[in-house]
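Worksheet: one structure, shown below.
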Amino acid sequence: MAVLSLDHVNIRTADVAATAAFFRDLLGLRTGVAPGAASIDTGCWIYDGQDRAIVHIGPADARYPSDGIAPFTPVRGGGSVHHVALECDGYAEMAARLEGSGLTIARNDIPSIGLRQLFVTEANGILLELNFREG
């Protein structure tokens, strides 16, 4: 079991389109519709130069699978960062370790993109999204 890398940062905002435009127009990064979103205006991925999704932008009022354990309150500034995502391996071992520690976790599976997720809040109240990709 190992944490392999930082996966992405999630920003929840009242203006998804304007936030996406900042990354696209000012930073020159590619935008794309997030899985499950109807358009970039309702959910957007920002891709780096290697075409890797690095920022997930979602509406402040969207329901996330982790909201049950970490309710979201929109604020301006650093509080707009909703969670930090880490790419991991060893899903079963990690889930057992977290549950064994007594922490509350939320699970989410997205079979269409081969992704399993665990959400957990660390000791300082920061929400972590642990991503496990199949194959």
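Read-outs: derived from the displayed coordinates by stated rules, not from any lab. Computed from a predicted structure; not experimentally measured. Note that each Cβ is placed from the backbone with ideal geometry, even for glycine, and that neighbours are counted across all protein chains shown.
Once you have all Cα-Cα distances for the chain, histogram them in 10 Å bins from zero and send the whole-percent values.
Percent of pairs per bin, in order: 12, 43, 35, 10, 0.
Using a 10 Å cut-off around each Cβ, can you sort MET1, MET94 from fewest to most neighbouring Cβ atoms? Display every interim value, and only then the final one.
On the way: MET1 11, MET94 20.
In increasing order of surrounding Cβ atoms, one gets MET1, MET94.
Sort ARG24, ARG12, ARG76, ARG30 by Cβ crowding within 10 Å, fewest neighbours at the top. Could you put the intermediate results ahead of the total?
Values: ARG24 16, ARG12 22, ARG76 8, ARG30 13.
Listed from fewest to most nearby Cβ atoms, that is ARG76, ARG30, ARG24, ARG12.
In what sequence do SER80, SER112 fall when counting other Cβ within 10 Å, fewest first?
Values: SER80 17, SER112 8.
Sorted ascending by nearby Cβ count, the order is SER112, SER80.
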